[in-house]
Amino acid sequence: MAKALPQDTELPPEGAAIPKKQVAVVIDDFGNGMKGTKEMLELPIPFTAAVMPFLPTTKSDAELAHKMGKPVFLHMPMEPRKGKRSWLGPGAITMDLSDEEVRQRIEAAIDDIPYVEGINNHMGSKVTASERMMRVILTVCKERGLVYLDSKTNDKSVAGKIAKELGVKYAENELFLDDVYTAKHVSGQVAKLRKKLKEKDDCIIIGHVGPPGPVTAEVLKQSIPELQKNVTFVPVTKLTKS
């Protein structure tokens, strides 16, 4: 004999759709006419386009992304623990700057990108571990009403702690799609995404235009229809916490 359900147990109505998991895709490194830009912008999902400031196609990439329904973030160059400063690009945040210089650079970069809704870090493993630096950056985010997405290039990042302290809407990257530039690797990372979604309801992932751009775009294009059976793709602003 079937065991009776408790009186307060609620079952979904017959025929009701099972709620889908949510995935936010962020694509970094727009702004310099990089490979894969066209292919990425044509993807039929509302991914967030993270655009680097002060580069030849910064404004046109941001404007086109917005026109095609993709939210726009400032992809702010920040000093890493290792690597050359020349890799950062113009207007970067480096540890030798004063608080006022950091503020000026962040504000100038925000103003350089049309339709900006938030900021995430390009590189930045050194800066995101500094409470002084992140407090200045996140204070500007609060003043401008912007989200901050930590790319999580450093497990010791203090961005989440400072964001909570200041009341800034905040999110964290959970998976880089293309840290290795091959279709096999990107496909493997999509498989990791599926595994993550068995254990949680949402996930934020990052890919790139540039060297891996065409490969990442093609793997995503092929993966999207199957993923959409169980996943709703949302802008990263829908998965923030404060």
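Rule-based calculations on the coordinates, nothing more; no lab input. These numbers come from a predicted model, not from an experiment. In this analysis, Cβ positions are derived from the backbone assuming ideal geometry, glycine residues included, and neighbour counts consider all displayed protein chains.
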* Charge dipole magnitude, Cβ of K and R +1, D and E -1 - the chain, Cα centre, debye nearest 20 -> 580
* 222 nm [θ] for the chain, helices only, -39500 (n - 2.57) per DSSP H run of 4+, per residue, to 500? -> -10500 deg cm²/dmol
* Structure fact -> Ranked on Cβ counts within 10 Å of their own Cβ, fewest leading, VAL158, VAL236 go VAL158, VAL236
* Just check the stretch 165-207 against the gyration tensor rule for me: Cα atoms, a ≥ b ≥ c as the square roots of the eigenvalues, rounded for a/c under 1.5, and otherwise prolate or oblate depending on whether a/b exceeds b/c. => oblate
* Asked: Could you give the angle, 0 to 90 degrees to the nearest 10, between helix 58-67's Cα long axis and the longest principal axis of the Cα atoms of the chain?
  -> 20
* **Within the stretch 34-86, GluC sites (Glu not before Pro) in DSSP loop having at most 15 other beta-carbon neighbours inside 10 Å** => GLU42
* To do: Report, in debye and to the nearest 20, how large the dipole of the stretch 33-99 comes out about its Cα centre when Lys and Arg carry +1 and Asp and Glu carry -1 on their Cβ.
  => 220
* Structure fact -> Exposed-loop cut sites defined as trypsin sites (Lys or Arg not before Pro) in DSSP loop states with at most 11 other Cβ within 10 angstrom; longest site-free run of the chain spans 4-81
* Measuring from label point to label point, each 7 Å out along Cα→Cβ, what is the GLN104 to GLU226 span in nm? -> 5.2
* Structure fact -> Total charge of the residues flanking ILE224 in space, meaning their Cβ is under 15 Å from its Cβ, with Lys and Arg +1 and Asp and Glu -1, is +2
* **With Cα atoms, 0 to 90° folded angle of helix 213-227 axis to the chain main axis** => 20
* **DSSP bridge pairs, the chain: antiparallel proportion in percent, nearest 5** => 5
* To do: Please work out the C-alpha center-to-center distance from the stretch 158-189 to the stretch 24-52 and express it in whole Å.
  => 15
* Dipole axis of the chain (+1 Lys, Arg; -1 Asp, Glu on Cβ), positive-most option in GLN104, ILE224, LEU74 -> ILE224
* Nearest-ten-degree value, helix 131-144 long axis tilted from longest Cα axis of the chain -> 70
* Asked: Where a ≥ b ≥ c are the square roots of the eigenvalues of the C-alpha gyration tensor, would you call the stretch 134-242 rounded, which needs a/c under 1.5, or, failing that, prolate if a/b is larger than b/c, or oblate?
  -> prolate
* Structure fact -> Between LYS38 and LYS238, the FRET efficiency computed from the C-beta separation at R0 = 35 Å comes out, to the nearest 0.05, as 0.85
* To do: Normalising by the residue count of the stretch 111-156, find the relative contact order in percent from Cα pairs under 8 Å and 6+ residues apart.
  => 54
* **Sequence-distant lysines (8 or more away, or on other chains) whose Cα lies within less than 24 Å of LYS126** => LYS82, LYS84, LYS142, LYS152, LYS156, LYS161, LYS164, LYS169, LYS241
* In which sequence would THR237, THR182 go, from the one with the fewest C-beta neighbours within 10 Å to the one with the most? -> THR182, THR237
* Structure fact -> Everything considered on the Cα gyration tensor (a ≥ b ≥ c; rounded for a/c under 1.5, else prolate if a/b is larger than b/c, else oblate), the chain must be described as prolate
* Asked: So which aspartates and glutamates pass the test for LYS184, namely a Cα distance under 19 Å, with those fewer than 8 places away in the same chain ruled out?
  -> GLU39, GLU218, GLU226
* **Å³ per residue enclosed by the Cα convex hull of the stretch 51-108** => 90
